[in-house]
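*Asks:* Got a structure here, written out as structure tokens. Questions coming.
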Amino acid sequence: METIRIKRVYEAPAPDDGLRVLVDRIWPRGITKATAAVDLWMKEVAPSTELRQWFGHDPARWEEFRRRYHGELGARQDLLAELQAHAAKGRLTLVFSAHDAEHNQAVVLREALEGKASPTQ
């Protein structure tokens, strides 16, 4: 059973989501706080505005985005430790708003939290 999962904020919350953490820097369009049902909004762990705008969710830029975002996360060890502590207590669901479920910051963040190797710098 996976401890850290990712889910679009537009999907209905489920009882087995555990702690729901929004990992977007900007609040998702067209969704209320009640509908989002997030327990915590950690915009500080999201990619920088510059990196987010450069990436633009272009799959052709995915590998470079992953490399750069892993680099940014290296400077945010306190936030990663906080998320890892939550995951150690039970299920953690990283919530994001991007349309692409395979190419977004939550995927990279989960990699970092699970200790998977980052792309070469």
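None of the figures in this text is laboratory data; all of them are computed from the coordinates on show. If you're wondering where the values come from, they're calculated on a predicted model, not measured in any experiment. So basically every Cβ, Gly included, is an ideal-geometry build from the backbone, and we count neighbours across all protein chains shown.
*Asks:* Mean residue ellipticity at 222 nm from the helices of the chain, using -39,500 (n - 2.57) per DSSP H segment of n ≥ 4 over the full residue count, to the nearest 500 deg cm²/dmol?
*Replies:* Details: 5 runs with 46 residues, N = 121.
After summing the helix terms and dividing by residue count, I get -11000 deg cm²/dmol.
*Asks:* How would the range 72-121 be classified by its alpha-carbon gyration tensor: rounded, prolate or oblate, with rounded meaning a/c under 1.5 and the a/b versus b/c comparison settling the rest? Don't jump to the answer; show the numbers that get you there.
*Replies:* Values: a/c = 1.83, a/b = 1.10, b/c = 1.66.
Oblate shape, in that a/c is at least 1.5 and b/c is the bigger or equal ratio.
*Asks:* Just to confirm a number: summing +1 for Lys and Arg and -1 for Asp and Glu over residues other than Ala60 whose beta-carbon lies under 15 angstrom from that of Ala60, what do you get? Intermediate results must be reported in sequence, preceding the final value.
*Replies:* Details: positive: Arg61, Arg66, Arg67, Arg68; negative: Asp58, Glu63, Glu64, Asp100, Glu102.
Here the count lands on -1.
*Asks:* If we count other beta carbons within 10 Å of each Cβ, what is the order of Ile26, Ile4, Ile31, fewest first?
*Replies:* On the way: Ile26 10, Ile4 20, Ile31 15.
So the residues, fewest neighbours to most, are Ile26, Ile31, Ile4.
*Asks:* Something else: Give, as a single signed number, the net charge of other residues whose beta carbon lies under 14 Å from the beta carbon of Leu80, with Lys and Arg counted +1 and Asp and Glu -1. Could you put the intermediate results ahead of the total?
*Replies:* Working: positive: Arg76, Arg110, Lys116; negative: Glu44, Glu72, Asp78, Glu82, Glu111, Glu114.
Net local charge, Leu80 excluded: -3.
*Asks:* Which of the lysines could a cross-linker bridge to Lys43, judged by Cα under 21 Å and excluding same-chain residues fewer than eight apart?
*Replies:* Lys7, Lys33
*Asks:* Name the trypsin sites (Lys or Arg not before Pro) in the range 25-64 that are in a loop by DSSP and that have at most 10 other C-beta atoms within 10 Å, would you? Show your work: numbers first, answer last.
*Replies:* Working: sites: Arg25, Arg29, Lys33, Lys43, Arg52, Arg61; in loops: Arg25, Arg29.
For trypsin sites (Lys or Arg not before Pro) across the range 25-64 that sit outside H, G, I, E and B with at most 10 neighbouring Cβ atoms in 10 Å, the list reads Arg29.
*Asks:* Explain nothing, just the number: relative contact order of the chain, from Cα pairs under 8 Å at least 6 residues apart, as a whole percent.
*Replies:* On the way: 173 pairs, mean separation 49.9, N = 121.
Computed value for the chain: 41 percent relative contact order.
*Asks:* Another question about this same structure. Would you please put 99-107, 77-85 in order of how densely packed they are, using the mean number of other Cβ atoms within 10 angstrom per residue and starting with the highest?
*Replies:* Values: 99-107: 17.2, 77-85: 14.1.
Going by the mean number of other Cβ atoms within 10 Å, highest first, we get 99-107, 77-85.
*Asks:* Can you work out D for the chain in µm² s⁻¹ from Stokes-Einstein, where Rh is the Kirkwood radius over C-alpha pairs, the temperature is 20 °C and the viscosity is 1.002 mPa s? All intermediate terms of the calculation are to be shown ahead of the outcome.
*Replies:* On the way: Rh = 14.5 Å.
For these conditions, the coefficient is 148 µm²/s.
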